[in-house]
1. Determine how many Å³ per residue the convex hull of the Cα atoms of segment 368-430 encloses.
2. Near the amide H of residue 401, under 5 Å away, which other amide H atoms are found, from residues 5 or more places off or on another chain, if H is placed in the peptide plane?
3. For residue 391, tell me the accessible area in Å² from a 1.4 Å probe, rounded to the nearest 10.
4. When ligands, DNA and RNA are left out and all protein chains stay put, how many square angstrom of accessible area per residue does segment 292-366 have with a 1.4 Å probe?
5. Could you tell me the center-to-center distance, by alpha carbons, between segment 174-230 and segment 131-145 in angstrom?
6. Using only the heavy atoms of the protein chains and a 1.4 Å probe, how would 85, 336 rank by accessible area, largest first?
7. Assuming a ≥ b ≥ c are the square roots of the Cα gyration tensor eigenvalues, decide whether segment 218-321 counts as rounded (a/c under 1.5), prolate (otherwise, with a/b larger than b/c) or oblate.
8. Using r as the Cβ-Cβ distance of residue 294 and residue 229, and R0 as 41 Å, what FRET efficiency do you calculate, to the nearest 0.05?
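The values are calculated or read from the model by the stated rules, or taken from the named source; none is laboratory data. Keep in mind the model is a prediction, meaning the values are calculated, not measured. Cβ atoms come from the backbone with ideal geometry, glycine included; neighbour counts cover every protein chain shown. Ligands, DNA and RNA are stripped out before the accessible areas are found, and what is left, the full protein with its side chains, is counted by its heavy atoms. Shrake-Rupley method; radii C 1.70, N 1.55, O 1.52, S 1.80 Å.
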Amino acid sequence: MSRVCTGVSHLKAAARAGCVAGAMLLGAASACSSSPSPAARGTAVAPVVSPAPTAPAGIALQALRRLHWSALPIDPLAPRDTVITAWTGHELLAVGGQRSADGAAYTGADAYDPQTGRWQVLPSLPLVARDAPASAWTGYGLFVWGGTSTPGGRPQDGQGLRDGAILDVAHRRWTMLPAGPLPALTSAVAITDAADHVIILGGQPDEGANSSGGVPLVSRRVASYDPASRTWRTLPDLPAVTGHDLVGLTAVRWGSRILAAATWQHVVHTAPGATEGNGGVDLFLLDSKQGTWSRFAVPSTLSLVGADLRPLGSQLVVAGGTMCPPFAACPASLNTAFTLLDAAGKARTGTAGVPIKPGAATDVGDNYVVMTGSQITGPGLDEQPGDTAGFDLATGNWVALPSARRFTPQPESLTWTGSELIAQSPDGWIALGSTG
């Protein structure tokens, strides 16, 4: 028999939280005042040109195969987990997190420069300690909003928050956001659109209603924030489907629109102590400029529940999902689904499943790279934490990449800098980027 031991996973943690993407934890160990100076409240934020690094299709994976993993210099705030990470085009930002040793949370921030190999401590987030805020990188800096307070380090005793701040990386300072139209939300999603506006959607409101299956419902409200004018705009709600209780939400920018994956549940109580139910994922596209939603139809056989959605070239990766209804108990599977969709929702045929269980993922040029935090052993199976693989969009093949097994990482994020691949886990930071 095979033995499956799945470690902490950024992708799976997001699925458990019901929402996604940037739903990290910030805490109080080095929290600064929640009442910043007047200058910090009203300072205009200048744009910072920080395009995401790219690499020619089919070349990046070949280059990565010649490299090896090594530990980064010690992070001044490490070791920690549930960190907000963002690549600015020049450096890797790391904000907040929990100390791995005792779980204490804080609002500290720092940045790693791959060119110098050094960390620089940044000003702490000027907000009260919080769990599961929304975050997104824009050309204006790192945006952080909402979440739940953590009195005494206990988010279960906290209250929802509806304030936020943005980090101007050029001037190394935070600016408080003006009050917006959304209520306090925990685990909301923040995505930057084509106009560099931040779209916030999803999240769980304080004392919100429950689904038919007893799971907290996710908000359908949507708003947009423009960092240049420091103004908010209310957008149309996420469309509702009759009988589909919204219990989770992920989102990603795909071309000029935002793709939202709405996880739903429908449970019927047939008798005392007996229930029947179903669930799945509805896909919608948001044109944030026009303020309109449209349904995105895909094959009904697509494994969408808990999947990682990520643009790759003109296509969309759907990886690591299942057809098991949300919050249902289903048999474990050693096969990890992987599909490519085009803009019309048509699936590319002949693509093999992910060869390892994804723990964290990123795109490297026109390639999709995953690292596992799982251990799977058995006849013909030897998967260990740190094993890494990449999908080459040009050839349609998976490629085994150098493994980071000796570090036994439980990856929470992968970041491609244009020259090296950085993995963050509770034990620290490692990089695939040296030929020596």
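1. Details: hull volume 5.8 nm³, N = 63.
In segment 368-430, the Cα convex hull volume per residue is 92 Å³.
2. Those qualifying (amide H under 5 Å, at least 5 residues apart or on another chain) are 388, 389, 390.
3. Ignoring ligands and nucleic acids, residue 391 comes out at about 0 Å².
4. Details: 3460 Å² over 75 residues.
That works out to 46 Å² for each residue.
5. The distance from the Cα centre of segment 174-230 to that of segment 131-145 comes to 11 Å.
6. The residues order as 85, 336, largest area first.
7. Values: a/c = 2.65, a/b = 1.52, b/c = 1.75.
Oblate shape, in that a/c is at least 1.5 and b/c is the bigger or equal ratio.
8. Efficiency, rounded to the nearest 0.05: 0.95.
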